[in-house]
Amino acid sequence: MLSRVADSLYWMSRYIERAENNARIADVNLQMLLDLTNQREADPNQQWDPIVSSLEENELFDSLYPTPDGKAVIDFVSLQKKNPNSIYSCLTRARENARTTSEQISSEMWEQINRLYLFVKSDTAKKLVRTSPYEFFKRIIAGSHLFQGITDATMTHGEAWDFIHIGKLLERADCTSRILDIKYHILLPSGEKVGGVIDTIQWMSVLKSCSALEAYRKIYVGQVAPWRVAEFIIMHSGFPRSIRFSVDCFDASLHHISGSDEANFANEAERLSGRLRSDLAYITIGDIFKFGLHEYLERIQDRLAAISRALHETYCANSELETITMD
Amino acid sequence: MGDFFSGYQVGDFFDEMFAAPGEARPHYSKLFARFKEMDREEFERKRTLAASTFLSQGVTFTVYNDDQGTERIFPFDLLPRIIPAKEWEFVERGLVQRITALNLFLHDIYHSQNILRDGVIPKQIVWEAAHFRPEFMHFDVPRNVYIHICGTDLIRDKDGTYLVLEDNARCPSGVSYVIENRQTMKRTFPSLLGQYRVRPVEDYSQELLNVLRYIAPHAKSEPTVVLLTPGVYNSAYFEHSFLARSMGIEIVEGRDLVAQGGKVFMRTTKGHKQVDVIYRRINDDFLDPQVFRKDSGLGVPGVVEAYRDGNVSLANSIGTGIADDKAVYHFVPKMIRYYLGEDPLLPNVHTYLASVKEDLTYILEHIPDLVVKAVNESGGYGMLVGPQATKIECERFREKVKKNPRNYIAQPVVPLSRAPSFCDDSMQGRHVDLRPFILYGEKVTIIPGGLTRVALRAGSLVVNSSQGGGSKDTWILEEESGPNEGT
């Protein structure tokens with residue numbers, strides 16, 4: 001397939017996944033806020049800072065909103081055009097990339113992404129964000145799931161599908177690491193104990209952001225403990241939003257594209273991905289905490305970015321690309 | 001009941017549906033009956049369904065009036081235009097005759113130029129034409145076909161006679177709307193479509209692919225065919241991607257292709273892959289900066305050399321613009337007589353050439369009654385509709401014509417036929433034209449029908465989408481077997 005098209009499909013998929021994850025984070029924090037306002041001493045505004053931090057757009061946020069309250073954060077994450085990572089911006093770019101490849105993807109996929117785009121542009125969306133952000137985020141998440149389901153059900157699982165698959169999972173691994181890292185930025189209100197009610201609520205919200213609370217409960221009975229949450233979200237081999245699961249899957253797709261077997265590598269992207277894959281398989285949660293959770297997650301993000309660059313070098317760099325990216 | 005046609009005015013035009021007020025032509029009677037029993041609410045539902053279908057499928061064109069490039073849907077009118085089998089059969093024969101003559105003309109013009117030597121067409125008309133490509137004299141195009149895809153605009157005068165308004169022999173667009181319009185009608189009026197026996201249009205893409213494969217270099221049996229688009233911001237991008245998708249071929253931009261050693265390749269994830277046939281939706285001027293416009297960033301440097309070497313085929317061929325030059329148009333009936341020895345079946349609209357002295361005088365004197373057109377323009381640009389223009393506009397055109405007579409032609413205003421269209425809450429007569437799409441490969445095939453464009457503004461004669469035009473589905477009926485049906 002065309003190099004330019006491979007690149008566009010990859011980014012289309014990343015942006016949809018990113019939109020979904022932003023909706024997840026905002027949605028869960030919205031709920032957490034409700035839990036916390038029932039608790040004394042908790043400062044609701046503080047709850048939103050880590051979200052803005054996780055998007056790495058603090059300066060932009062501060063320049064756009066004089067009062068950084070929940071409303072501002074919701075606007076910033078959902079429909080703010082100036083925020084390159086808002087749901088609006090992500091879906092606009094996803095759709096632009098889809099438009100340049102619309103003869104490669106199935107028409108059902110195109111229609112779904114187009115509908116989602118028309119929705120975030122609509123007055124209905126504006127109104128929902130104002131009056132019922134919860135519903136807005138639900139629609140974005142459901143819209144992304146529908147797109148992914150349509151993709152798997154209507155498109156030949158060949159090279160083009162693999163690029164879409166890699167984009168989705170690489171972005172998911174990255175977003176999951178950021179969701180987990182949000183907890184690092186959250187300060188416990190003074191007087192609160194580690195392992196206390198608020199601490200537990202916060203860890204539960206991390207799980208919820210990844211749709212992982214129920215799955216977690218099935219494995220770990222009893223107290224929600226930080227190291228267990230981190231272990232589950234980073235290292236579980238079967239949970240579809242864990243970092244390890246995502247890396248395993250995109251690694252397989254990389255080999256699928258080149259035809260090399262998974263014990264070897266045919267290019268730099270595969271080498272880096274294979275290495276990350278085996279690290280995640282053999283590391284223990286004790287090692288991670290010894291290293292520092294935040295530091296470890298940052299390293300994961302760097303390594304994912306390196307894989308993304310290597311993928312581009314291997315398959316796409318022989319064309320002069322001007323794809324709509326904003327890494 | 002909706003009473004859609006209660007206030008309908010047939011007017012002083014040929015009406016596609018009504019022979020006289022309240023009296024539908026036989027081939028429209030079932031449609032008339034259907035609308036009599038339909039209430040407003042049902043019709044509104046269908047309109048909403050149609051609009052949302054187009055929008056969600058992204059069947060849009062880009063309007064360049066702001067920096068964002070707004071996407072609009074092409075307004076779609078739910079009342080189909082119906083053409084009986086016999087009538088269409090005649091039109092089809094006329095179109096085959098015309099495309100055959102145009103192709104012979106192109107071969108002649110790029111070889112021995114007998115038609116000029118025999119004085120049928122004045123030499124300077126051809127030599128001064130902007131789209132004549134003398135660089136391609138004596139070049140043999142694959143399979144000797146020049147125009148593979150042609151969109152010929154037809155109109156009907158007061159008596160209902162079909163006339164050719166212009167030929168589009170470069171990169172005609174609009175065929176995707178023909179197919180999408182039909183899809184929409186299937187969803188909104190399934191039973192009515194079932195009552196009529198309408199000839200399908202869906203196999204256009206297959207026919208087009210057959211043509212493109214037929215012209216492959218060295219008669220290659222499994223050629224790689226691609227569609228070359230100027231890119232996602234082109235107003236017809238939807239159509240490009242629609243056609244590529246329905247043919248199952250790659251859609252490429254200039255930057256995806258590279259010419260090396262007289263061959264053309266596309267840059268793929270598995271390295272360079274040779275391309276055999278390019279369906280290019282880019283005009284000659286932008287095709288190859290080494291040969292034509294140096295500033296073109298849309299084309300592929302070296303593609304023309306590969307074409308000359310016979311390693312890649314282009315559809316349409318380079319230099320076909322001479323055939324749809326509006327001054328050359330005037331001579332098409334003569335061409336038909338010259339090359340085929342036949343009388344033209346589809347007449348032209350009478351045309352005055354500003355380059356001819358008597359005609360120029362006539363044009364300058366009658367400008368407010370005429371339609372004046374620049375010979376190389378299309379899409380409703382560079383033209384003046386005299387009766388609807390201001391004095392100042394007429395004066396400005398008079399100066400332009402005087403300054404560069406070769407560049408202008410003029411035609412009387414033809415009172416285009418009208419078809420009922422839903423405007424301002426009721427059915428009203430609106431002017432229509434018809435663009436059938438003609439494919440020329442191993443044989444000539446014509447899509448049954450074509451794109452009916454409709455000028456939705458009351459009184460307007462300009463059907464272009466940029467000027468408030470919309471479209472209708474066009475139904476060509478199957479030959480009737482029973483004795484009492486049809487016309």
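FYI, it's all coordinate maths here, none of it is from the lab. Keep in mind it's a predicted model, so treat the numbers as computed, not measured. Positions of Cβ are backbone-derived with ideal geometry, glycine not excepted, and every protein chain shown enters the neighbour counts.
In table form, for the structure just shown:
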| read-out | value |
| --- | --- |
| Sequence ranges B:43-56, B:197-210, B:159-172, ranked by mean other-Cβ count within 10 angstrom, highest first | B:159-172, B:197-210, B:43-56 |
| Interchain or long-range residues, amide H under 5 Å from B:Gln290's placed H | B:Gly302 |
| Rg to Rh, two decimals, where segment B:247-313 supplies the alpha carbon set and Rh follows Kirkwood | 0.94 |
| Span per principal axis, largest first, for the Cα atoms of segment B:178-286 (Å) | 58, 33, 30 |
| As computed over the protein assembly as shown, the Cα convex hull volume per residue (Å³) | 199 Å³ |
| Where labels lie 7 Å past Cα in the beta-carbon direction, separation of A:Val221 and B:Phe139 in nm | 8.1 nm |
| Burial ordering of B:Phe422, A:Phe265, fewest other beta-carbon atoms within 10 Å first | B:Phe422, A:Phe265 |
| Cα-derived Rg over Rh, computed across segment A:232-289 with Rh taken as Kirkwood radius | 1.01 |
| Mean-position separation - Cα centroids, segment B:81-119 and segment A:230-267, in angstrom | 61 Å |
| Approximate shape of segment B:351-413 as ellipsoid semi-axes (Cα gyration tensor, √5λ), whole Å, largest first | 15, 13, 11 |
| Residue exposure sequence - A:Leu30, B:Leu212, B:Leu477 - by fewest surrounding Cβ within 10 Å | A:Leu30, B:Leu477, B:Leu212 |
| Projected area, mean over directions - segment A:3-315, Cα convex hull, nm² | 16.2 nm² |
| Farthest toward positive dipole pole in segment B:346-487 [+1 Lys/Arg, -1 Asp/Glu at C-beta], among B:Ile363, B:His350, B:Pro436 | B:Ile363 |
| Average beta-carbon neighbours from other chains, 10 Å sphere, peptide A:99-107 | 6 |
| Highest-first arrangement of B:135-148, B:324-337, where packing means the average Cβ count within 10 Å | B:324-337, B:135-148 |
| Over 19 Å between alpha carbons, listed pairs A:Lys71/A:Lys126; B:Lys334/B:Lys402; B:Lys294/B:Lys403 | B:Lys334/B:Lys402; B:Lys294/B:Lys403 |
| Given charges at Cβ of Lys, Arg, Asp, Glu: segment B:203-315 dipole, positive-most of B:Gly271, B:Gly248, B:Ala236 | B:Gly271 |
| Scaled radius of gyration (Cα, divided by 2.2 N^0.38 Å) that chain B gives | 0.99 |
| Cα-centre dipole for chain B with unit charges at Cβ (Lys and Arg positive, Asp and Glu negative), debye to 20 | 700 debye |
| Per-pair calculated FRET efficiency, R0 = 25 Å: B:Arg47 and B:Glu202 via Cβ, rounded to 0.05 | 0.60 |
| Dipole of the protein assembly as shown [Lys/Arg +1, Asp/Glu -1 at C-beta], most positive-end residue of A:Ser209, B:Ile109, A:Ile113 | B:Ile109 |
| Two-site label geometry, B:Ala19 and B:Glu71: point separation in nm, points 7 Å out along Cα→Cβ | 4.6 nm |
| Reachable lysines, given that their alpha-carbon falls under 24 Å from the alpha-carbon of B:Lys472 and they are not under 8 places away in the same chain | B:Lys30, B:Lys36, B:Lys46, B:Lys86, B:Lys158, B:Lys186 |
| Check: the protein assembly as shown dipole with +1 on Lys, Arg Cβ and -1 on Asp, Glu Cβ, in debye | 300 debye |
| Highest-fluctuation residue, A:Ile219, A:Ile164, A:Ile283 considered, GNM on chain A with Cα pairs under 10 Å | A:Ile219 |
| Cβ-placed point charges (K, R +1; D, E -1), dipole of segment A:3-315 about Cα centre in debye, nearest 20 | 680 debye |
| Helix-only mean residue ellipticity at 222 nm for chain A, each DSSP H run of n ≥ 4 adding -39500 (n - 2.57), per residue, nearest 500 | -23500 deg cm²/dmol |
| Largest-first principal axis extents, alpha carbons of segment B:305-433, Å | 55, 43, 34 |
